[in-house]
Amino acid sequence: MREFFRPFRRKLGALVLVGACGLMTGWVRSEFICDGIVFSGPSFMAIGHGSIVLVNGEGGSTDAWRFPVWEKGNINLFESDLRTVLWQWRLMGFGKGQLPEGPKLSIWTVPYWSLVLPLTLLSAWLLLGTPRNRMT
């Protein structure tokens, strides 16, 4: 077993696979629970319904920077908030939009599958691919 992890690419492949498994766990969790990380001002990141939603507002508060705060919310409230967004474009879970009323907020969505799938394929290539013979 020790020989299998001798090349650096196999160690890197195992590390990438652990990262892909962590993102997959977040993906499954996001189907049931909405999480959010609130930064200074109107900027925050929300996770729900298999997507990562990045929200950036203009004219944020001028307060000093503070540590991000994690909040857990209701998944139904998150879904109703996304229904009120005016989407400029949406494709396969990716999207860009703005709120129609209130503060000017830019909203970007990135689906989890777009992160998990490439990392899984990369780890498979690193772990299962045959290393090249070194020329001596």
Enumerate the pairs (first residue in segment 25-52 and at pLDDT below 85; second residue anywhere and of a type in the set (Phe, Trp, Tyr)) with beta-carbon separation below 6 Å, excluding pairs fewer than 6 apart on the same chain, so at least 6 apart or on different chains. Cys34/Phe78; Gly36/Phe44; Ile37/Trp70; Val38/Phe44; Ser40/Trp65; Gly48/Phe78
I'd like to know if segment 119-129 contains one or more residues that are exposed (fewer than 14 other Cβ atoms within 10 Å of the Cβ), more than 28 Å from Gly22 (Cβ to Cβ), in contact with a Lys or Arg (Cβ under 8 Å, 6 or more places away or on another chain) and at pLDDT below 90. no
Please identify the pairs in which a residue from segment 86-105 that is without any contact (Cβ under 8 Å) to a residue 40 or more places away in the chain has its Cβ atom under 7 Å from the Cβ atom of a residue that is charged (D, E, K, R), counting only partners at least 6 apart or on another chain. Gln88/Lys96; Trp89/Lys96; Gln98/Lys104
Would you confirm whether any residue within segment 63-73 is of a type in the set (A, V, I, L, M, F, W, C), in a strand (DSSP E or B) and modelled with pLDDT of 85 or more? no
Quick one: in segment 1-18, of everything that is surrounded by 16 or more Cβ atoms within 10 Å (Cβ to Cβ) and within 19 Å of Leu115 (Cα to Cα), which residue is modelled with the lowest pLDDT? Gly13
Regarding Asn56, is this residue modelled with pLDDT under 90 and assigned to a strand (DSSP E or B)? yes
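The values are calculated or read from the model by the stated rules, or taken from the named source; none is laboratory data. Given the structure is predicted, the values throughout are model-derived calculations rather than measurements. As a convention, Cβ positions derive from the backbone with ideal geometry for all residues, glycine included, and neighbour counts pool all protein chains shown.
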